[in-house]
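One structure is given here, and the rest of the page talks about it.
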Amino acid sequence: MEIDIKISYPDLWGDAEFGRKEWGNVNFLIGPNASGKTIFAEILRGEIQKKGISCAYLSAERLAGFEKTNYGSHSASAFDRGLNFIQAQRIKSEGVKYGLSTFAYLDLKNKPDILFKIEAVLSEFFGKNLILREVAGNLRPFIRVVENLKEYDLKVKECHGLKEIITLLAFIYDEESDYLIIDEPELHLHPQLQSFVLQEIRKKAEPQDNGGGTDKTKKFFICTHSPYLVELRTTEDLKNCIVFRYGKLPTYIDDFYPGEERLVKSLLPKLNAHLKQFLFSERPVFVEGPTDQQLFTIIQEKRRVPLGGAGVCFLDVGGKDELGAFYWICRKLGIDARFIADLDALIESNLKKHVLRDDRFLNTINERGQGVKPNDFIGPLWDKVDECIKELKTNLKTKEPALSGLGAFANAFFQTENERKRRTLFFIALWNIREELEKHLINTKTNLGFITKKLEAIIDVFNSTRVYFLARGELEHYLPSFKGNPYDIKIGDKQKSSTAERDYLLTEEVHEDELTAHYTGLLEILDAATEASEIDYRLHIKKAIFEIINGINLAFANGEVVDEETLKKHPDIPWKAYKRIIDLISYETTTTGYKARMKLIPSIDPLGTEFEINENTTAVNFNLDTG
């Protein structure tokens, strides 16, 4: 459908303006919390209505007035006795204005076709019927249990989920409006019901033969945080995704080149609920496999890195070539995605191909004077590596002792005919057995220094595009528990190693310095990819410490605090509250004043930082880190 929409919102996007003409029958407005989806939806409704098109809107607060219970001073529902028929027009007018849904029950009374459809769903899924009964001039919805015919008041005794499904279906099936905008249709619904709602939306959005012609179709805009409500079956579905990010203009894919469309088509069937998180994450981190995803997540959580709070999630895609597809999509949608890949992805992969076309890569090598074209920068590395490999073919013995490091390398080296695979094996050998390797490189030994520095420089440039390589080869090369052949990693050895690492992380009390030593070189990659720092509660408790300092100083000056007991009981020092943050180690008076030793409790500061205050301590001169 074509409808020219332009939306400005300076508080979020400054002077930039969003514009789009081509829309789908079902459009998804997706992104993290506080990124502007709801505001966009509200403005969108107004813009559509300005063009003379009827557009209904359901806000995230659509059940207002039909809450289950009145909670004292927090609620005073006008609908305790039902929906007054005399006030029907006012109820509907307010509902339309604020995106509320209660008036739908009044409409259902006069729309038996929609009511029958809803009752069929309730009966099939819940074994219940919806009864609309007039009681003393009011419409009161009741629920009847099919099995025993017992009835109860829907407003008072029914769960939010069933109220939601009634509301959503009433608006989806209704033909009064041509367009429908729903903010968070997933509210209160379990995943299967969310999928069902999307299914019903799709049915209504496409022409359906009802036996006597076709039903009237509707156009939908869905604001959601749920991967179950973003079903991407076709490239058109992906084009109908509007992606929101903090402080940035919403983005979308307007068109594909033929090669790009083939790439996306191959990816769409693999987009399960887990992978679709990239559309909602502020900084998704794509990795090759499930072991990477699990261990990276556990390691960062063990280090108290707030992944979810920082909008970070690790997503496994099932291989290095799949990383390339996600790289392209995220670039098109303006998603700040990151990628952690095995070193062989640098040698040959779709990921590498997409990165080499990225302006960020080209600009970086140009700014650093490292070449104009990617091959100018990378090509010399392959030349030097291939020279070494050529000499190894001549000098390396094929029957080296299999148990030695060189023997394991030689076996793998000669077992493959793939020259790109040999490059990867060569890099792994440089990490593990450089001195032994040098003995077999008579003519090309001097290449090694160049190769090492050039590889580091190339990896650094890839980092500028948010692509991070495991420079030692694969994840297992960073895991102390891995005891297998580093040049031919078996599935069984992978499983043993990942199990051992999970056990280490989940059962042992390990501190940051231990983790740093255990995962040498890996943590730097994870931190660069996630850019998420630990939440430091100490920055936010200084105010409480300042209050303690001022309270104790004043009480001491007045002679009201002389020991621990009087400090804790003083009415102007609320120690009952403060002890949830701080432990008092000691308090003693001196010849000139007092000295109090305290420490932060472990739930606030795992290090249990200690500090000392005295009669000369003020908020201005206090420093928690040197206290």
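Under a crude label model (7 Å from the Cα following the beta-carbon direction), how far is Glu531 from Asp383 in nanometres?
Here the answer is 3.5 nm between the modelled labels.
First measure r as the distance between the Cβ atoms of Lys216 and Asp15, then evaluate 1/(1 + (r/R0)^6) with R0 = 35 Å and state the FRET efficiency to the nearest 0.05. The partial results should precede the final answer.
Details: r = 40 Å, r/R0 = 1.14.
So, using R0 = 35 Å, E works out to roughly 0.30.
Assigning unit charges at the beta carbon (Lys, Arg +1; Asp, Glu -1) and nothing else, what dipole magnitude in debye, to the nearest 20, does segment 396-515 show about its Cα centre?
Computed charge dipole of segment 396-515: roughly 820 debye.
Express the C-alpha Rg of the chain as a ratio against the empirical globular expectation 2.2 N^0.38 Å, rounded to two decimals. Can you show the working numbers first?
Working: Rg = 32.1 Å, N = 627, 2.2 N^0.38 = 25.4 Å.
Cα Rg divided by the expected 2.2 N^0.38 Å: 1.26.
To the nearest 0.05, how large is the calculated FRET efficiency for Ala577 and Phe546 if R₀ is 22 Å and r is the Cβ-Cβ distance?
0.95
Keeping all protein chains in place and using 1.4 angstrom, which order do Met598, Met1 fall into by accessible surface area, from largest down?
The ranking, largest first, comes out as Met1, Met598.
Express as a percent, rounded to the nearest 5, the fraction of DSSP beta bridges in segment 222-365 (both residues included) that run antiparallel.
In segment 222-365, DSSP labels about 20 percent of beta bridges as antiparallel.
Looking at segment 306-412, which trypsin sites (Lys or Arg not before Pro) are in a loop (DSSP not H, G, I, E or B) and have at most 15 other Cβ atoms within 10 Å?
Arg357, Arg368, Lys397, Lys399
Based solely on its DSSP helices, what 222 nm [θ] is calculated for the chain when runs of n ≥ 4 H residues each add -39,500 (n - 2.57) and the sum is averaged over all residues, nearest 500 deg cm²/dmol?
Only helices count here, giving -13000 deg cm²/dmol.
Give the Rg (one decimal place) followed by the Dmax (whole number) of segment 68-181, computed from C-alpha coordinates and expressed in Å.
Every Cα atom of segment 68-181 included, Rg and Dmax give 14.1, 40 Å.
Using 0.36 nm per residue, how much length does the chain from Gln192 to Asn110 gain when fully extended, once their Cα-Cα distance is taken away?
This chain segment gains 26.5 nm when fully extended.
As a quick test, which of the pairs Lys92/Lys248; Lys248/Lys543; Lys265/Lys496; Lys373/Lys490; Lys569/Lys599 have an alpha carbon distance above 26 angstrom in this structure?
Violating the 26 Å limit, Cα to Cα: Lys92/Lys248; Lys248/Lys543; Lys265/Lys496; Lys373/Lys490.
Looking at the chain, what % of its DSSP beta bridges pair antiparallel, to the nearest 5?
55
Can you check what the net charge comes to around Lys111, using other residues whose Cβ is under 11 Å from the Cβ of Lys111 (Lys, Arg +1; Asp, Glu -1)?
Around Lys111, the charge tally is -3.
Given a Förster radius of 41 Å and the C-beta distance between Lys393 and Lys483 as r, what FRET efficiency does 1/(1 + (r/R0)^6) yield to the nearest 0.05?
0.90
For segment 367-491, compute the orientation-averaged projected area of the C-alpha convex hull (one quarter of its surface), in nm².
Dividing the Cα hull surface by four gives the mean projection, 8.7 nm².
What is the gain in length, in nm to one decimal, between Glu42 and Thr416 on full extension, counting 0.36 nm per residue of separation less the C-alpha to C-alpha distance?
Result for the pair: 128.6 nm of gain on full extension.
Quick check: Cα centre of segment 438-513 to Cα centre of segment 324-358, how many Å?
20
If you filter segment 34-108 for trypsin sites (Lys or Arg not before Pro), then keep DSSP loop positions with at most 10 other Cβ within 10 Å, what is left?
Here the trypsin sites (Lys or Arg not before Pro) that fit, given the DSSP loop and packing criteria, are Lys51.
As a test question: what accessible area, to the nearest 10 Å², does Glu176 have when a 1.4 Å probe is rolled over all protein chains in place?
Its accessible surface works out to 100 Å², give or take rounding.
Could you look at the chain and say what percent of its accessible area is carbon and sulfur, using a 1.4 Å probe and all protein chains?
Here carbon and sulfur together make up 49 percent of the probe-accessible area.
Which value, in Å² rounded to 10, gives the accessible area of Glu348 with a 1.4 Å probe and all protein chains present?
Roughly 90 Å² of Glu348 is accessible to a 1.4 Å probe.
Suppose each label sits 7 Å from its Cα in the direction of the beta carbon; what would the Glu124-Glu508 distance come out to in nanometres?
5.4
Write out the chymotrypsin sites (Phe, Trp or Tyr not before Pro) in segment 108-166 meeting two conditions: DSSP loop, and at most 15 other Cβ atoms within 10 Å of their Cβ. Can you show the working numbers first?
Working: sites: Phe116, Phe125, Phe126, Phe142, Tyr152; in loops: none.
For chymotrypsin sites (Phe, Trp or Tyr not before Pro) across segment 108-166 that sit outside H, G, I, E and B with at most 15 neighbouring Cβ atoms in 10 Å, the list is empty.
If each Cα of segment 39-125 is one equal point scatterer, what is log10 of I(q)/I(0) from the Debye formula at q = 0.21, 0.24 Å⁻¹?
Cα-only, vacuum Debye calculation for segment 39-125: -1.15, -1.22.
Leaving ligands and nucleic acids out of the surface, order Ser266, Ser59 by accessible area at 1.4 Å, largest first.
Listed by decreasing accessible area, they come as Ser266, Ser59.
Points 7 angstrom from Cα along the Cβ direction at Ala34 and Glu565: gap in nanometres?
Distance between the two pseudo-spin positions: 4.8 nm.
Measuring from centroid to centroid over Cα atoms, what is the spacing of segment 37-73 and segment 184-204 in Å?
Comparing the Cα centres of segment 37-73 and segment 184-204, I get a distance of 18 Å.
Give the accessible surface of the chain per residue, rounded to a whole number of Å², with probe radius 1.4 Å and ligands, DNA and RNA excluded.
Computed with neighbouring chains in place, this is 48 Å² per residue.
Let me cross-check Val285: its accessible surface, 1.4 Å probe, with only protein heavy atoms counted, in Å² to the nearest 10?
Taking all protein chains as shown, Val285 has close to 0 Å².
The values are calculated or read from the model by the stated rules, or taken from the named source; none is laboratory data. All values derive from a computational prediction rather than experimental measurement. Here Cβ is always computed from backbone atoms with ideal geometry, including for glycine, and neighbour counts include all displayed protein chains. Ligands, DNA and RNA are excluded from the accessible area calculation, which covers all protein heavy atoms including side chains. Shrake-Rupley method; radii C 1.70, N 1.55, O 1.52, S 1.80 Å.
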